[in-house]
1. Would you tally the residues in the range 22-47 being over 30 Å from residue 68 (Cβ atoms) and either aliphatic (A, V, I, L, M) or surrounded by 13 or more Cβ atoms within 10 Å (Cβ to Cβ) (or both)?
2. Among the listed residues 57, 10, 20, 30, which satisfies the condition of being of a type in the set (Gly, Ala, Ser) and either in contact with a Lys or Arg (Cβ under 7 Å, 6 or more places away or on another chain) or within 19 Å of residue 100 (Cβ to Cβ) (or both)?
3. Which one of these is under 16 Å from the mean Cα position of the chain (by Cα), surrounded by 10 or more Cβ atoms within 10 Å (Cβ to Cβ) and modelled with pLDDT of 85 or more: 65, 104?
4. Does residue 13 qualify as being closer than 23 Å to residue 104 by Cα, among the β-branched types (Val, Ile, Thr), open to solvent by less than 60 Å² (accessible area, probe 1.4 Å) and touching an Asp or Glu at 6+ places or on another chain (Cβ under 6 Å)?
5. Please name all residue pairs, on different chains or six or more residues apart, with Cβ atoms under 8 Å, provided the first residue is in the range 87-104 and is free of Cβ contacts under 8 Å to residues at least 60 places away in the same chain and closer than 16 Å to residue 36 by Cα and the second residue is open to solvent by 80 Å² or more (accessible area, probe 1.4 Å) and in a loop (DSSP other than H, G, I, E, B).
Amino acid sequence: MTERITVPVGYSITAPLNFGEPITSEDRVGDWSEITPLTADDLSNLTFLRSIPQNFGYCPILIPTIRQASGVGDVQETLRFSSVRPLQPVIPLCGVDAPPEFCTYLGLT
């Protein structure tokens, strides 16, 4: 059975592939991991993407940075993008009374 999984911008998910199974087999993909926020290490592993020419794909590659804000209370990590463009699809989800938890990590609440 096919299940749709939505991974918000700034998060990741992993699914192990079993290359011994045919591509049409339901056993081709193992159990999915939990959806987790990208860490500083995850982001540093993506720096090679900046060497891809911007005209190669249909949209520019924008790698966020992690900002650790501390004001009153605990240190809070948020992702910061150089443009609001990657956040456009999730902005409407974050403008509600009880926004999803990922909105805080994206700095939208």
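1. Number satisfying all stated conditions: 3.
2. 10
3. Going through 65, 104 in turn, just one is under 16 Å from the mean Cα position of the chain (by Cα), surrounded by 10 or more Cβ atoms within 10 Å (Cβ to Cβ) and modelled with pLDDT of 85 or more: 104.
4. Taking the combined requirement at face value, the residue does not satisfy it.
5. That search, which allows pairs on different chains as well, returns 103/109.
The values are calculated or read from the model by the stated rules, or taken from the named source; none is laboratory data. Everything numeric in this text was worked out from a predicted model, so none of it was measured. With ideal geometry, Cβ positions are generated from the backbone for all residues, glycine too; neighbour counts draw on all protein chains shown. Side chains included, ligands, DNA and RNA excluded: accessible areas come from the protein's heavy atoms. Shrake-Rupley method; radii C 1.70, N 1.55, O 1.52, S 1.80 Å.
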